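*Asks:* First, the structure itself, so that you have it in front of you.
What follows draws every value from the coordinates through simple rules; no lab data is involved. None of these values were measured; they are calculated from a predicted model. Methodologically, a virtual Cβ is constructed for each residue, glycine included, from the backbone with ideal geometry; neighbour enumeration extends over all protein chains shown.
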Amino acid sequence: MVTDTTTLQHHPGAPHPPFLAGRGAPGCSRPHHRAGGSPLRPIYLTSFGYLHLPTSPDGSPVPPAADRIEDVRDRLRDPAARDILDLDGLNPRVQDVVLATPGARELLANLADYADLPAGPSRIAIGCAGGRHRASGLTELLARELRDRGREVVVEHLHVHLPRVLKTPAGPRTANTEQETAR
């Protein structure tokens, strides 16, 4: 059986017909829908820096609440490009460097697919050492990918505005690391 849909019109505020549910119809500003017409909840993305977090009584950092916390401190090594150090992850140049880091594309695809699962997360937090480059850049790239898939995304960068964290000698990571305040 073939259904002629050429005369059907979608009225604002009305649910999508079942054959459009979940497809994110082109030109539609409404949120992505599941089959059955119920809208997918927005995805909240948070970037942060472990070295700026409060610590628990045992001295370990307390990350923001999220369904999934992705620690990229060791997974995506520090960007090597010295010319981006005074920029932050909101800058496209930093995002390009982060995306060129080995493993970044695969991680980005994994996070986007995970966020798109029917029972997927409502909150994803991504952390690096200071929250200025890797975490904020990857969060912006993930937000763009999810929006391209028709998802509503809310982004919060907790530490992108703070001074760049200076390297410290090898040893345990703490929240009391010296920060660069002047050049």
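*Asks:* Are there trypsin sites (Lys or Arg not before Pro) in the stretch 127-167 that DSSP puts in a loop and that have at most 12 other Cβ atoms within 10 Å, and which ones?
*Replies:* 167
*Asks:* Would you please classify the overall shape of the stretch 43-157 from the alpha carbon gyration tensor, given that a ≥ b ≥ c denote the square roots of the eigenvalues, rounded means a/c under 1.5, and beyond that prolate means a/b larger than b/c while oblate covers the rest?
*Replies:* Because a/c hits 1.5 or more and a/b fails to exceed b/c, the stretch 43-157 counts as oblate.
*Asks:* Round to the nearest 0.05 the FRET efficiency obtained for residue 105 and residue 74 when R0 = 25 Å and r is the Cβ-Cβ distance. Intermediate values should be presented prior to the final figure.
*Replies:* Numbers: r = 17 Å, r/R0 = 0.70.
After rounding, the FRET efficiency stands at 0.90.
*Asks:* Residue 83 versus residue 162, label points 7 Å from Cα toward the beta carbon: distance in nm?
*Replies:* That separation, rounded to one decimal, is 2.9 nm.
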